[in-house]
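One structure is given below, encoded as structure tokens.
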Amino acid sequence: MTEFWLISAPGEKTCQQTWDKLMVATTRNNNLSTNNKFNIPDLKVGTLDVLVGLSDELAKLDSFVESVVKKVAQYMADVLEDSRDKVQENLLANGVDLVTYITRFQWDMAKYPIKQSLKNISEIISKQVTQIDNDLKARASAYNNLKGNLQNLERKNAGSLLTRSLADIVKKEDFVLDSEYLITMLVVVPKTSYADWQKTYETLSEMVVPRSTNLLFEDQESGLFSVTLFRKAIDDFRHKARENKFTVRDFQYNEEEMKADKEEMTRLCTDKKKQFGPLVRWLKVNFSEAFIAWIHIKALRVFVESVLRYGLPVNFQAMLLQPNKKNMKKLREVLYDLYKHLDSSAAAIIDASMDIPGLNLSQQEYYPYVYYKIDCNLLDFK
């Protein structure tokens with residue numbers, strides 16, 4: 001399970017007692033969850049007004065930062081194309097896997113100094129993650145353009161003879177070049193019509209050079225034939241060929257252009273390789289930064305919500321539960337029994353999945369204890 005429940009309950013005589021009670025209720029007898037203490041430092045409380053406003057702001061910031069974390073993770077998967085199984089090992093926070101980071105969470109005093117007010121800390125995080133989001137957009141756009149151009153060129157060099165580029169198929173000696181009167185044309189003929197072509201091509205129009213056709217290339221459905229004729233007859237020949245289900249390709253042999261296309265392909269391949277390494281490194285570093293910021297927001301939310309609910313002086317225990325998938329419903333019930341005394345109004349709302357007319361709880365579950373979900377499953381593989 002990559003889902004965690006970050007909860008808090010007020011300290012009994014001591015916070016340790018709150019922790020012990022939770023452990024007895026959820027792990028000692030019934031293995032409902034794996035629990036860790038979640039360490040939140042002594043943050044500056046500020047005034048009640050500020051806390052109430054901050055509670056809403058942090059909810060929005062939480063959603064925004066989660067979306068950026070997911071975007072960076074998903075883009076990492078897109079960039080790693082063929083080695084998607086390696087994505088998970090690149091998605092680390094502070095050099096460790098996400099579960100380890102969360103379960104051993106330590107507040108980063110250097111990045112988010114706790115002498116600052118809560119509002120300042122949330123603004124530091126907001127600025128930092130907005131910057132990551134903007135950088136990601138710019139880098140992704142540049143890399144996607146490059147990838148798109150390369151794919152278009154590759155597509156041109158693949159596919160059916162009716163549409164693909166012919167530059168890498170034909171040779172100079174297949175053409176009559178530099179003639180004032182004669183021209184070599186390229187015609188796509190279905191394999192089932194080879195005999196018809198050989199029988200009729202000389203008479204499709206006037207002025208076709210007899211015995212001038214050669215098969216230059218085949219794919220599964222058709223063959224590419226060359227044929228030489230007088231320039232005068234081009235339009236007539238093209239028209240008659242179409243009537244007979246032969247397709248004349250618009251192609252002029254031009255060495256300069258063909259060389260330029262090849263060079264463009266090589267340049268794009270080289271550019272893509274050059275950008276790939278630095279881009280993956282940037283994604284790794286900034287995924288880590290964004291994820292760490294996200295978990296710090298969860299810590300801020302637990303702190304603010306706990307002070308608003310349980311009052312001052314600050315006295316609560318934050319706890320991280322990793323529910324056992326089979327027993328999630330049971331775990332909810334046990335937590336409810338353990339903490340229902342904290343808020344009598346929550347009694348009606350033990351099951352957020354119950355439909356109570358006019359009460360829309362599906363968006364925002366409410367429990368008698370402070371609760372936030374952290375889901376580490378960040379990838380949406382198509």
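The values are calculated or read from the model by the stated rules, or taken from the named source; none is laboratory data. In this text the structure is predicted, and so the values were computed from the model without any measurement. Cβ coordinates were reconstructed from backbone atoms using ideal geometry, including for glycine residues, and neighbour counts include every protein chain displayed. Heavy atoms of the whole protein, side chains included, go into the accessibility calculation; ligands, DNA and RNA do not. Shrake-Rupley method; radii C 1.70, N 1.55, O 1.52, S 1.80 Å.
For residues in segment 254-268 being open to solvent by less than 100 Å² (accessible area, probe 1.4 Å) and free of Cβ contacts under 8 Å to residues at least 60 places away in the same chain, which is nearest to ARG231 (Cα to Cα)?
The qualifying residue nearest to ARG231 (Cα to Cα) is ASN254.
Sort out which residues of segment 208-225 are assigned to a loop (DSSP other than H, G, I, E, B), open to solvent by 80 Å² or more (accessible area, probe 1.4 Å) and of a type outside the set (Asp, Glu), and write them in order of number.
Once the filter is applied, which keeps residues that are assigned to a loop (DSSP other than H, G, I, E, B), open to solvent by 80 Å² or more (accessible area, probe 1.4 Å) and of a type outside the set (Asp, Glu), segment 208-225 yields PRO210, ARG211, GLN220.
How many of the residues in segment 175-187 are in contact (Cβ under 8 Å) with a residue 24 or more places away in the chain and either surrounded by 17 or more Cβ atoms within 10 Å (Cβ to Cβ) or on the phi > 0 side of the Ramachandran plot (or both)?
Of the residues in that region, 6 qualify.
Go through LEU308, LEU321, LEU335 for me and flag whichever is at pLDDT 90 or above, among the aliphatic types (A, V, I, L, M), touching a Ser or Thr at 6+ places or on another chain (Cβ under 7 Å) and within 15 Å of PRO10 (Cα to Cα).
From the options LEU308, LEU321, LEU335, the qualifying one is LEU308.
Table: residues versus (1) of a type outside the set (Val, Ile, Thr); (2) over 41 Å from the mean Cα position of the chain (by Cα).
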| residue | (1), (2) |
| --- | --- |
| THR228 | no, yes |
| ARG231 | yes, yes |
| ARG238 | yes, yes |
| GLN252 | yes, yes |
| GLU264 | yes, no |
| GLN275 | yes, no |
| HIS296 | yes, no |
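Quick check on VAL87: is it open to solvent by 50 Å² or more (accessible area, probe 1.4 Å), touching a residue at least 60 places away in the same chain (Cβ under 8 Å), part of a helix (DSSP H, G or I) and more than 28 Å from ASN327 (Cβ to Cβ)?
Here the answer is no, as VAL87 does not meet what is asked.
Anything in segment 42-52 that is open to solvent by less than 30 Å² (accessible area, probe 1.4 Å) and assigned to a helix (DSSP H, G or I)? List them, or say none.
Matches in segment 42-52: LEU51 only.
Of the residues ALA25, ALA77, ALA93, which is at pLDDT below 95, under 30 Å from PRO278 (Cβ atoms) and open to solvent by less than 40 Å² (accessible area, probe 1.4 Å)?
ALA77
Return the residues of segment 134-161 that are within 23 Å of ALA241 (Cα to Cα) and either among the hydroxyl-bearing types (Ser, Thr, Tyr) or surrounded by fewer than 13 Cβ atoms within 10 Å (Cβ to Cβ) (or both); say none if nothing qualifies.
Selection gives GLY159, SER160.
For segment 302-316, enumerate the residues that are surrounded by 21 or more Cβ atoms within 10 Å (Cβ to Cβ) and either in contact with an Asp or Glu (Cβ under 9 Å, 6 or more places away or on another chain) or basic (Lys, Arg) (or both).
Those that are surrounded by 21 or more Cβ atoms within 10 Å (Cβ to Cβ) and either in contact with an Asp or Glu (Cβ under 9 Å, 6 or more places away or on another chain) or basic (Lys, Arg) (or both): none in segment 302-316.
Just checking, how many residues over segment 62-80 are assigned to a helix (DSSP H, G or I) and more than 14 Å from GLN131 (Cα to Cα)?
Qualifying residue count, segment 62-80: 11.
PHE251 versus (1) free of Cβ contacts under 8 Å to residues at least 24 places away in the same chain; (2) on the phi < 0 side of the Ramachandran plot: which is the lone unmet condition?
All conditions are met except number (1).
Listed residues ARG242, ARG238; which is open to solvent by 20 Å² or more (accessible area, probe 1.4 Å), over 30 Å from LEU150 (Cβ atoms), in a helix (DSSP H, G or I) and in contact with a strand residue (DSSP E or B) (Cβ under 7 Å, 6 or more places away or on another chain)?
Every option except ARG238 fails the conditions.
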